[in-house]
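Q: Before I ask anything, here is the structure I am working with.
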Amino acid sequence: MRVVVAHNRYRQAQPSGENVIVDSEIDQLAAAGVEVIPFLRSSDDIPALPATGKALLPISPSYAPAAQRDLDRLLATHRPDVLHLHNPYPLISPWAIRTAHRHRVPVVHTVHNYRQVCSAGLYFRDGRICTDCQGRAIGLPGVVHRCYRGSRAQSAVMAATLALHRPTWRSVDRFIALTSAVAAHLRDYGVPDERIVVKPNAIPDPGPPAPLGEGFLFLGRLTPEKGIGLLLDAWQRHPEGSLGTLRVGGDGELRELVEAAAAGRADIDFLGPLDRSAVRDALRATAVVLAVSTWHDVLPTVVIEALASGRPVLGTALGGIPYLVGADAADPAATAAGWVVPPEAAALAAALPVARDGVAALTGVARARYETTFHPDVVMKQHLAVYDAVSTGTRGTG
């Protein structure tokens with residue numbers, strides 16, 4: 001099996017879990033015997049582009065001529081079985097799907113965000129969930145609100161790109177939806193069920209879980225959409241010390257809010273930014289992990305890390321979180337490895353003591369959910385099955 005993996009990396013000054021996931025996936029595919037041919041671009045390269053390249057940047061989301069020429073040569077030379085597309089913006093463009101189909105190479109696309117519809121990719125604006133562009137031929141609200149890179153001009157280009165490439169996206173041979181929520185987004189976009197496969201990301205097995213710690217742990221960006229403000233509101237509705245310790249690891253624009261909360265209460269411990277070793281230590285020290293996003297978070301990896309470590313999760317009922325926890329109505333056979341509640345301070349405050357008292361009964365459930373759903377061996381088997389299905393079927397001609 002020979003696969004071209006195409007991905008436009010985000011700026012490294014703004015660390016992206018998507019970059020890490022794609023890099024890890026390339027390594028896992030190679031270890032599974034797949035010949036991987038990377039086709040990678042980086043937004044960090046934009047300042048070094050020649051004058052002609054910079055002049056063409058406004059049309060890159062729609063077409064990206066340099067990328068299409070390079071991809072055309074690569075496909076003609078290597079004749080891969082599959083093109084696996086991750087993020088195409090801005091230096092690859094969805095036009096890569098058409099280029100691959102012209103070579104009769106089927107395309108698999110992993111959907112990491114909601115950018116088939118939303119210029120920002122998040123369904124989140126001004127501190128709230130926003131789906132104003134759903135169902136529109138052109139996402140004009142995204143232009144009005146400067147949803148792409150804070151620029152009305154760039155937002156107009158992205159809105160036009162999304163309109164132009166609606167038939168391009170619908171020609172993809174197989175979509176990998178990371179959760180059932182992403183699958184629902186694709187169905188709403190008009191993609192038939194038979195071209196959608198729900199396959200989450202995997203993380204390496206950290207080994208047998210350590211004995212259960214105490215208290216609660218939040219790991220993530222300290223930003224409004226990740227729900228740190230919601231969490232602090234809910235936590236402060238309980239007497240100091242009654243829930244154990246709340247540990248907060250991460251950094252972001254709301255850091256001062258967390259620091260002030262930690263200075264005011266002895267049961268809040270701000271850990272700051274954490275490296276991988278410190279994350280493992282924090283997971284061992286805790287009993288329950290929190291995933292309290294206030295947007296439709298696609299796939300917060302912290303949930304999978306928690307389950308792998310045998311830590312149940314208390315999360316909000318948004319985006320991919322119910323699927324990850326095993327509390328998804330779309331999968332009634334799953335056993336929940338935690339709790340999900342509405343993204344409201346009162347509901348979260350009520351759930352905190354429930355989680356504190358019920359955690360011991362779910363540690364084994366949490367680890368079992370990781371082993372059956374998110375372990376690399378399980379996920380890679382699903383991944384290779386997707387490639388097999390599209391490479392042996394009828395190749396796209398769009």
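Q: Could you please find all residues in segment 312-321 being touching a strand residue (DSSP E or B) at 6+ places or on another chain (Cβ under 7 Å), buried (at least 24 other Cβ atoms within 10 Å of the Cβ) and not β-branched (V, I, T)?
A: Matches in segment 312-321: P312, L314, G315.
Q: What pairs come up if the first residue lies in segment 213-234 and is over 15 Å from A345 (Cα atoms) and touching a residue at least 24 places away in the same chain (Cβ under 8 Å), the second is among the hydroxyl-bearing types (S, T, Y) and part of a loop (DSSP other than H, G, I, E, B), and their beta carbons are under 6 Å apart, counting only those six or more places apart or on different chains?
A: Close Cβ pairs satisfying both conditions: G213/T286; G215/T245; G215/T286; L217/T286.
Q: Sticking with this one: If we scan segment 114-129, do we find a residue that is assigned to a loop (DSSP other than H, G, I, E, B), acidic (D, E), open to solvent by 10 Å² or more (accessible area, probe 1.4 Å) and touching a Gly at 6+ places or on another chain (Cβ under 8 Å)?
A: no
Q: Which residues, taken from segment 320-363, are free of Cβ contacts under 8 Å to residues at least 12 places away in the same chain and under 21 Å from the mean Cα position of the chain (by Cα)?
A: A329
Q: Looking at A346, A389, A308, A291, can you tell me which residue is more than 15 Å from K199 (Cα to Cα), open to solvent by 20 Å² or more (accessible area, probe 1.4 Å) and of a type in the set (A, V, I, L, M, F, W, C)?
A: A346
Q: Follow-up question, since we're still on this one. Here is a list: R102, R136. Which entry is open to solvent by 70 Å² or more (accessible area, probe 1.4 Å) and touching a Ser or Thr at 6+ places or on another chain (Cβ under 9 Å)?
A: Within the list R102, R136, the selection yields R102.
Q: While we're on this one: For segment 141-178, how many residues are touching a helix residue (DSSP H, G or I) at 6+ places or on another chain (Cβ under 7 Å), open to solvent by 20 Å² or more (accessible area, probe 1.4 Å) and of a type in the set (A, V, I, L, M, F, W, C)?
A: 4
Q: Another question, then. Pick from G207, G272: which is under 30 Å from S180 (Cα atoms), open to solvent by less than 60 Å² (accessible area, probe 1.4 Å) and of a type outside the set (V, I, T)? Outline the logic, then answer.
A: On the way: G272 fails: under 30 Å from S180 (Cα atoms).
Selected residue: G207, the only one of G207, G272 that is under 30 Å from S180 (Cα atoms), open to solvent by less than 60 Å² (accessible area, probe 1.4 Å) and of a type outside the set (V, I, T).
Conditions tested, residue by residue: (1) surrounded by fewer than 16 Cβ atoms within 10 Å (Cβ to Cβ); (2) modelled with pLDDT under 95.
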site	(1), (2)
V197	no, no
I203	no, yes
K226	no, no
L230	no, no
A234	no, no
R237	yes, no
E240	yes, no
L246	no, no
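Q: Tell me, please, whether a residue that is in a helix (DSSP H, G or I) and of a type outside the set (A, V, I, L, M, F, W, C) can be found in segment 209-225.
A: Within segment 209-225, one or more residues are in a helix (DSSP H, G or I) and of a type outside the set (A, V, I, L, M, F, W, C).
Q: Within the bounds of segment 38-55, is there any residue that is out of contact with any Lys or Arg (no Cβ under 8 Å at 6 or more places or on another chain), crowded, with 17+ Cβ neighbours inside 10 Å, over 20 Å from R115 (Cβ atoms) and modelled with pLDDT of 75 or more?
A: no
Q: Further, regarding this structure: Would you point out the residue of segment 248-269, among those that are open to solvent by 40 Å² or more (accessible area, probe 1.4 Å) and not small (G, A, S), that is nearest to L324 (Cα to Cα)?
A: If we take residues in segment 248-269 being open to solvent by 40 Å² or more (accessible area, probe 1.4 Å) and not small (G, A, S), then D251 is nearest to L324 (Cα to Cα).
Q: Run P15 past the list (1) under 25 Å from the mean Cα position of the chain (by Cα); (2) modelled with pLDDT of 95 or more; (3) not β-branched (V, I, T) and report the number of the one that doesn't hold.
A: That leaves (2) as the condition not met.
Q: Right, next: How many residues, within segment 58-81, are part of a loop (DSSP other than H, G, I, E, B) and either open to solvent by 40 Å² or more (accessible area, probe 1.4 Å) or of a type in the set (A, V, I, L, M, F, W, C) (or both)?
A: Qualifying residue count, segment 58-81: 4.
Q: If you scan segment 144-171, which residues turn out to be more than 25 Å from V191 (Cα to Cα) and part of a helix (DSSP H, G or I)?
A: V144, R152, A153, Q154
Q: Test L91 against the criterion of being in a loop (DSSP other than H, G, I, E, B) and either buried (at least 20 other Cβ atoms within 10 Å of the Cβ) or in contact with a Leu (Cβ under 6 Å, 6 or more places away or on another chain) (or both), and give yes or no.
A: Working: in a loop (DSSP other than H, G, I, E, B): yes; either buried (at least 20 other Cβ atoms within 10 Å of the Cβ) or in contact with a Leu (Cβ under 6 Å, 6 or more places away or on another chain) (or both): yes.
Criteria met by L91.
Q: I've got another one for you. Given the criteria touching a residue at least 24 places away in the same chain (Cβ under 8 Å), of a type in the set (A, V, I, L, M, F, W, C) and in a strand (DSSP E or B), does V108 qualify? Outline the logic, then answer.
A: Working: touching a residue at least 24 places away in the same chain (Cβ under 8 Å): yes; of a type in the set (A, V, I, L, M, F, W, C): yes; in a strand (DSSP E or B): yes.
Here the answer is yes, as V108 does meet what is asked.
Q: While we're on this one: Pull out all pairs, ordered by first then second residue, where Cβ-Cβ is under 8 Å, the residues are six or more apart or on different chains, the first lies in segment 241-259 and is of a type in the set (K, R), and the second is assigned to a helix (DSSP H, G or I).
A: Between residues of segment 241-259 that are of a type in the set (K, R) and residues that are assigned to a helix (DSSP H, G or I), the close pairs are R247/A282; R247/A285.
The values are calculated or read from the model by the stated rules, or taken from the named source; none is laboratory data. Since this is a predicted model, take the numbers as computed values, not measurements. Glycine gets a Cβ as well: all are built from the backbone with ideal geometry, and neighbour counts include every protein chain shown. Ligands, DNA and RNA are stripped out before the accessible areas are found, and what is left, the full protein with its side chains, is counted by its heavy atoms. Shrake-Rupley method; radii C 1.70, N 1.55, O 1.52, S 1.80 Å.
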